[in-house]
Amino acid sequence: MLGEYRIVGRRASEIAASVERAVGAGDLEPGQLLPPMRELATELGVNPNTVAAAYRTLRERGVIETAGRRGSRIRPRPASTARGSIRVDAPPGVRDLGDGNPDVSLLPPLDAALTAAARRHAKEPGLYGHEPLDAEFVRLARAAMDTDGIPAGPLAATSGSLDAIERVLAAHLRAGDAVAVEDPGWGSLLDLVSALGLKVLPVALDDDGPLPEEVERALSAGARALVVTDRAQNPTGAALSRRRADELRTVLARSPGTLLIEDDHGYAIVDQPLHPLAGVTDHWAYVRSTAKAYGPDLRVAVLTGDDVTVDRVLGRLGLGPGWVSRLLQHTVAHLWASDAVDPVAVARAYGGRRDALIDALARRGVQARGRSGMNVWVSVPDETGAVTRLLHAGWAVAPGARFRLSSPPGVRLTVSGLRQADIEPLAEAVASAVGPMPARSYG
């Protein structure tokens, strides 16, 4: 079963460490079956409960997965294997279209906002025991959500979208539970779900968001949670249309026990209206990040949801970091109040580059998608070959393997750094690298 490798240890922590060492060294490979708990307990001379505790630890760390009577196996993608490492570094002279960063020229200067936060701090420094949320931050965040039709709920501040999503998943799910996620989807989210010991169920999508029949299939297969990107979906640029949102609400209404998480990281950089799903299920969370509009280093996101979900997130925050820096909250509140970013102008800038590239590719017979945000997804017949040929032509793009589970091959191009003069040469290089393809859906 394990070949020549022998698991060792007398305590649960030692047994778990023995398995993790073997995985890291390559002695235990993805998909390899572990011994039944009682069998291993007999071999090691320990109580079966000790082995059960070790296996539980390994599941929680994302090292193994358990499929009932079929036993426990090494995960196909251990938590230590980050999708972010599947990238192409741009050597000198090569344009980097794979990093996913916003256009720095569209980010607001932070001088005035940081100065205002520092002055506020000088008058009233943040101390232990103070409220974790800044009142102005809460007022402005809630007002914007009210405008967008987000149901009323308590608020929390987190260190970015992924931090919020992790805390919400951990508040409700346990190792082995299944989570439905978009495919292709955000690579960091796919890694996170695996790292939490959760099972990923892929959901295909088109330009209007997750396909209702795919969501229904995932829920029928046991998914306890669904993560949806409202706008600027990474990597495809999909945005929930009103009709698609209505269809998904109908599906979710039949499974009210589903934990729904909505990621609106595209807030303030897109011109598509928001069609939230929040409130259909018993437990839900809506996350709005500042990273794309104000810069990735401003690590603040605002989270709202049902009372139980937000209360659990706040409780766990209190036992860890305590709160997101009120200095950063003051800074974000100042940016919001001063209208530091013109969403229409930013959306027009990204949209102009995105649409121009998609049109140029279409004229060359290449299928591409990008309804919103800063990314364009190009379907390819051979991912590795396309990435390599584009690199030789002077363009570094993100391999689709970073984002895919079972969806067809593709590459992601971030348009943030493109100029108008780049569009035609880039489209020509992409067409030469991938060739024309028949139309197909993402899933």
Size of the range 12-74 along its principal axes in angstrom, Cα-based, largest extent first? 27, 25, 20
Using alpha-carbon positions, the gyration tensor of the range 361-417 gives root eigenvalues a ≥ b ≥ c; with a/c under 1.5 called rounded, otherwise prolate if a/b exceeds b/c, else oblate, the class is rounded
Which value, in debye to the nearest 20, gives the size of the charge dipole of the range 111-337 about its Cα centre, when Lys and Arg are +1 and Asp and Glu are -1 at the Cβ? 600
At a threshold of 8 angstrom on Cα-Cα distance, excluding pairs fewer than six apart, so keeping six or more, what relative contact order does the range 12-74 reach in percent? 41
Select from VAL344, ASN101, GLY222 the residue farthest towards the positive end of the dipole of the chain; place +1 on Cβ of Lys and Arg, -1 on Cβ of Asp and Glu, and compute about the Cα centre. GLY222
Order 113-122, 290-299, 409-418 from most to least packed using the mean count of other Cβ atoms within 10 Å. 409-418, 290-299, 113-122
About its Cα centre, how strong a charge dipole does the chain have in debye, to the nearest 20, once Lys and Arg get +1 and Asp and Glu get -1 at the Cβ? 800
Helix-only [θ]222 nm of the chain, DSSP H runs n ≥ 4, -39500 (n - 2.57) each, per residue, nearest 500: -12000 deg cm²/dmol
Just check the chain against the gyration tensor rule for me: Cα atoms, a ≥ b ≥ c as the square roots of the eigenvalues, rounded for a/c under 1.5, and otherwise prolate or oblate depending on whether a/b exceeds b/c. oblate
Highest mean first, what order results for 350-357, 172-179 on Cβ atoms within 10 Å? 350-357, 172-179
Heads up, the range 218-369 by the C-alpha gyration tensor (a ≥ b ≥ c square roots of eigenvalues; a/c under 1.5 rounded, else a/b over b/c prolate, else oblate) looks oblate
Positive-pole candidate from LEU303, GLN329, LEU426, dipole of the range 299-443, charges at beta carbon: LEU426
Using alpha carbon coordinates only, what is the Rg to Rh ratio of the range 170-249, with Rh defined as the Kirkwood radius? 0.96
Hey, could you pull the Cα Rg and Dmax for the range 111-337, both in Å? 17.3, 55
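Where a number appears in this text, it was derived from the coordinates with a stated rule and is not lab data. Bear in mind the structure is a predicted one, so any value in this text is a computation, not a measurement. Positions of Cβ are backbone-derived with ideal geometry, glycine not excepted, and every protein chain shown enters the neighbour counts.
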